[in-house]
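Enquirer: Right, I'll just put the structure down here and ask away after.
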Amino acid sequence: MNILSLIIKREFIAKVRNKSFIVMTFLSPLLFLGMAFLIGFLSNMNKGEIKKIAIHDEAGILKKDFKDSKEIKYTDLSAMPFQLAKTTASKDYEGIIYVPKVADTKELVKKVEYISDESPNLEFVANIEKVVDNQLTRDNLKALGFDSDKIEKAKVESELHITKFSGEEGLKYLNEIKVFFGGAFGYLIMMFIIIYGNFVMRSVIEEKTSRIIEVIISSVKPYQLMMGKIIGNSLAGILQFAIWVAIGGILILGSSLVFSSYLGANDVNMATGKIQNMPATFKLIFEAFQKFNLYYNEIPVLTTVIFFLIYFIGGYFLYSSLYAAIGAAVDSETDSQQFLLPIIMPLMLGIYVGFFTVVNDPHGTVATVFSLIPFTSPIVMLMRIPFGVPIWQLALSLVLLFGTFLGVVWFAGKIYRVGILMYGKKPTWKELYKWLKY
């Protein structure tokens, strides 16, 4: 046990004293914030760009229905001959909407054209089709003797009011927020497993290629060495995550205090006026904090963080034992590529299954099954936890996860013990199978 603790201590200290570890621990939150601000800034820049679209309506029935918006400005070129309008549009406009003259408006269903060298986005195409559909619908209603204007005025836009059985106010899009919240933690687990699993593999390869391993295993069992590397690196990952949580908590608390002091204490009207006068960027941040406070009480944040640590440990132990076995089997990182795909595929599957099934049916068969399978449960179960998971499913998932880890450690240990002293030969799947039988 003393030997194992010494290996764990050595691996942990070697990792946390590494300059890249220290720099990325404190730089990563800033990079994420910078990316978020950059995405927001670029999206606002795109919104500020106005596209100029020409219209040539020979029928004279649709041009009045194309209304300018913040992103698009329409110009009517119907007075020009079509060829001249087309030439003008190719030089000065994004594109031109061509509505041919027809004997019956029903023919416009398939005859309206959009001419441009650039492919239009789906929203723009849908808006054009909507204009055509609305006009043809009005014509059909008129032909049947109905007043389309009265029907249009009779339309109502309802807004669903969401409440709980207890009478408390409900929140729209809460499911999407929960999936995003759980998905963020699931994605973090996947990234941690891949990053720190690679650290374990590289450490094994370095010791193997430098032949220092021959000295180490003269006093340490291969199994102890493998477990020491796995546990030492996992502790470094937990420390890094704890620092990120602390930094995030300080930033959120500090920002809340700043906004509270800026808005003042009790005067609601004054606070509202100050919010309206805020710069656009700060207004967006303030609105984000308001929404965060609304949804915070609806999401089990503390429970999710606790189970994140548990599933991180279980998932990391499970996968890093495979990474250690691969490191022992190969002589270089290049040789390891053929073995890494089967490891990464279940992680990717967990992400896709989580986002495509949990949001629609968090307690459905697919989501439940994949949250119990050990190779995908660290990701899928974290996406389900914000929706409330039965205790028996959580317990079964963790038992299967850590039970599979013990089985995989035994399996990986057999490969590790043989492969750690094998040099100069690229292993194949057949070779690995032989090592398991030794």
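Derivation of every value follows stated rules applied to the coordinates shown; laboratory data play no part. Computed from a prediction, not measured in an experiment: that's the story for all the values here. FYI the Cβ positions are ideal-geometry reconstructions off the backbone, even for glycines, and counts take in every protein chain you see.
Enquirer: Quick one: which residues, 5+ away or cross-chain, put their amide H under 5 Å from the amide H of residue 57? H built at 1.01 Å from N.
Expert: Counting only residues 5 or more places away or on other chains, the set is 77, 78, 99.
Enquirer: Mind ranking 401-410, 319-328, 333-342 by how tightly packed they are, going by the mean number of other C-beta atoms within 10 angstrom, highest first?
Expert: On the way: 401-410: 16.6, 319-328: 28.1, 333-342: 13.9.
Answer by packing, highest mean first, reads 319-328, 401-410, 333-342.
Enquirer: Taking a ≥ b ≥ c as the square roots of the Cα gyration tensor eigenvalues, with a/c under 1.5 meaning rounded and otherwise prolate when a/b beats b/c, else oblate, which class fits the range 76-123?
Expert: Oblate shape, in that a/c is at least 1.5 and b/c is the bigger or equal ratio.
Enquirer: Another question, then. Taking amide H atoms as placed 1.01 Å from N in the peptide plane, list the residues 5 or more away in sequence, or in a different chain, whose amide H sits under 5 Å from that of residue 73.
Expert: 51, 52, 53
Enquirer: Another one. Treat each spin label as a single point 7 Å out from the Cα along the C-beta direction, and report the residue 50 to residue 130 distance in nm.
Expert: That separation, rounded to one decimal, is 2.1 nm.
Enquirer: What is the diffusion coefficient of the range 27-144 in µm²/s, taking the Kirkwood radius over Cα pairs and the Stokes-Einstein relation at 10 °C with a viscosity of 1.306 mPa s? Provide the component values of the computation, followed by the final result.
Expert: Values: Rh = 16.3 Å.
It diffuses with D of about 97 µm²/s by this estimate.
Enquirer: Okay, next question. For a label point 7 Å from the Cα of residue 115 along Cα→C-beta, name the residues of the range 73-88 whose backbone N is under 13 Å from it.
Expert: Under 13 Å, as judged by backbone N against the label point of residue 115, lie 77-78, 80-88 of the range 73-88.
Enquirer: Can I ask one more? Please list 3J(HN,Hα) in residue order for the range 360-371, calculated via the Karplus relation 6.51 cos²θ - 1.76 cosθ + 1.60 where θ = phi - 60°; whole Hz, with x for glycine and proline.
Expert: 8, 8, x, 10, x, 4, 4, 4, 5, 4, 6, 7
Enquirer: Now for a different question. What are the extents of the Cα atoms of the range 315-431 along their three principal axes, in Å, largest first?
Expert: 51, 24, 20
Enquirer: Can you tell me how much longer the chain between residue 247 and residue 147 gets when fully stretched, taken as 0.36 nm per residue apart minus their C-alpha distance, in nm with one decimal? Don't jump to the answer; show the numbers that get you there.
Expert: On the way: separation 100, 0.36 × 100 = 36.00 nm, distance 6.24 nm.
Extra length available between residue 247 and residue 147 comes to 29.8 nm.
Enquirer: If you don't mind, another one. Work out the FRET efficiency for residue 16 and residue 392 from their Cβ-Cβ distance, taking R0 = 56 Å, and round it to the nearest 0.05. Walk me through the intermediate numbers first.
Expert: Numbers: r = 38 Å, r/R0 = 0.68.
With a Förster radius of 56 Å, E is 0.90.
Enquirer: Which of the peptides 226-237, 58-69 is most tightly packed, and how do the rest follow, going by the mean number of other Cβ atoms within 10 Å of each residue?
Expert: 226-237, 58-69
Enquirer: Now a separate question. Hey, rough spin-label estimate for residue 106 and residue 2, points 7 angstrom out along Cα→Cβ, what's it come to in nanometres?
Expert: 9.5
Enquirer: Now, a different point. Mind ordering 242-250, 6-14, 308-316 by average Cβ neighbours within 10 Å, highest first?
Expert: 308-316, 6-14, 242-250
Enquirer: Please tell me which of these pairs span more than 29 angstrom C-alpha to C-alpha: 19/414; 73/110; 19/229; 9/208; 19/208?
Expert: Distance filter (> 29 Å) returns 19/414.
Enquirer: Which FRET efficiency value, to the nearest 0.05, do you get for residue 71 and residue 37 by plugging their Cβ-Cβ distance into 1/(1 + (r/R0)^6) with R0 = 22 Å?
Expert: Working from the Cβ atoms, E equals 0.50.
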